[in-house]
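Accompanying notes for the structure given below.
No value in this document is a laboratory result; all are computed from the given coordinates. Bear in mind that the values here come from a model prediction, so they are computed numbers and not experimental data. All Cβ positions, glycine included, derive from the backbone under ideal geometry; neighbour counts span all protein chains shown.
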Amino acid sequence: MAKIKLKVPKLGLTIENVMISEWHKKEGEKVQEGELIATVEADKANFEIESPSNGTLTKILYDADGEVEHEVGKIIAEIDT
């Protein structure tokens, strides 16, 4: 079983930080490739983060509080495939 580290994606040329506004999946839930996992906010715009692979969302590292900024490339969750 492989672990995929879900990172904050690069969302544009000027966006360096995002806030997690909502997790659409909970730890332990199955995910499918392309399925919506989280919504993040940057510069008052919302962006969706999709699962890169089929598997199980095993660890969410940060709450969806909409207040703490996370830089692009930061690991925010793990998926077991």
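Of note:
- Seen from Pro9, the other residues with C-beta closer than 11 Å to its C-beta sum to a net charge of +1, counting Lys and Arg as +1 and Asp and Glu as -1.
- Option label - mean projected area of the Cα convex hull in nm² computed here, alternatives (i) 8.2; (ii) 4.7; (iii) 6.6: (ii)
- Net length gained if the chain between Asp63 and Glu27 were fully extended (0.36 nm per residue, minus Cα distance): 11.8 nm
- Entries of Lys10/Lys59; Lys3/Lys59; Lys10/Lys30 with Cα pairs more than 19 Å apart: Lys10/Lys59; Lys10/Lys30
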